Amino acid sequence: MALYSEKVMDHFRNPRNVGIIEDADGVGEAGNPVCGDIMKIYLKIDDDTVKDVRFETFGCGSAIASSSMATELIKGKPVSEALGLTNKAVTEALDGLPAYKLHCSVLAEEAIKAAFKDYYDKNGIEYDESLFPKEVDCAHCVETA
Ligand code: FES
């Protein structure tokens, strides 16, 4: 059996929603301190709906495929629904990732959540802090590596 599904290969070779949004309403970034890969998400929100979403990913093929699929999954969705996106949903939509590549899909979830948090913060919208993961203390990881 092939290591990567056809969907992973398709989204890796033809990633959807690549780029930036100059006047984004929310921008979020997530990085993996272990592999060094970085993902950045730009959101355009109107009428409480994700009107547009773009990404820039400096990372492995699985991270690129995950970014592409994640943006497709939240585009056009109400903010409350899009915010519920999990890395599990991204992985399932890609017809799976090898176990040792699952962390690549976590980057997509984290970057999208960070972008929504930025949107809420910029617009003074109150939110439940528990919706957002605590920031990872990379200094700690480096010290204990
Ligand atoms: Fe770093 Fe995939 S190996 S995100």
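The values are calculated or read from the model by the stated rules, or taken from the named source; none is laboratory data. Owing to the predicted nature of the structure, the values given are computational and were not obtained by experimental measurement. Backbone-built Cβ (ideal geometry, glycine too); neighbour counts: all protein chains shown.
The set of residues in the range 35-55 being within 16 Å of the ligand (Cβ to nearest atom) and farther than 15 Å from Leu83 by Cβ consists of Cys35, Gly36, Asp37, Ile38, Met39, Lys40, Phe55. Of all the listed residues (Asn17, Asn32), the sole one being at positive phi and either touching a Gly at 6+ places or on another chain (Cβ under 7 Å) or not aliphatic (A, V, I, L, M) (or both) is Asn17.
Within the set Val90, Val50, the sole residue that is touching a helix residue (DSSP H, G or I) at 6+ places or on another chain (Cβ under 6 Å), closer than 17 Å to Lys117 by Cα and hydrophobic (A, V, I, L, M, F, W, C) turns out to be Val50.
Against the definition (over 11 Å from Ala111 (Cβ atoms), of a type in the set (A, V, I, L, M) and touching a residue at least 12 places away in the same chain (Cβ under 8 Å)), how does Met69 come out, yes or no? Yes, satisfied. Annotation note: of Asp95, Asp121, the sole residue that is closer than 26 Å to Glu22 by Cα and either part of a helix (DSSP H, G or I) or modelled with pLDDT of 95 or more (or both) is Asp121. For the range 56-78, filtered to residues that are within 11 Å of Ile112 (Cβ to Cβ) and hydrophobic (A, V, I, L, M, F, W, C), the residue that is nearest to the ligand (Cβ to nearest atom) is Ala70. Search the range 83-118 for residues being crowded, with 22+ Cβ neighbours inside 10 Å and away from the ligand (no atom under 16 Å from the Cβ), and hand back the single one that is farthest from Leu3 (Cα to Cα). Selected residue: Phe116. Checking each residue in the range 71-82 for being surrounded by 14 or more Cβ atoms within 10 Å (Cβ to Cβ), part of a helix (DSSP H, G or I) and either touching a strand residue (DSSP E or B) at 6+ places or on another chain (Cβ under 6 Å) or at pLDDT below 95 (or both) picks out Thr71, Ile74, Ala82. Checking Ala2, Ala24 one by one, the residue that is more than 16 Å from the ligand (Cβ to nearest atom), buried (at least 19 other Cβ atoms within 10 Å of the Cβ) and assigned to a loop (DSSP other than H, G, I, E, B) is Ala24 and no other.
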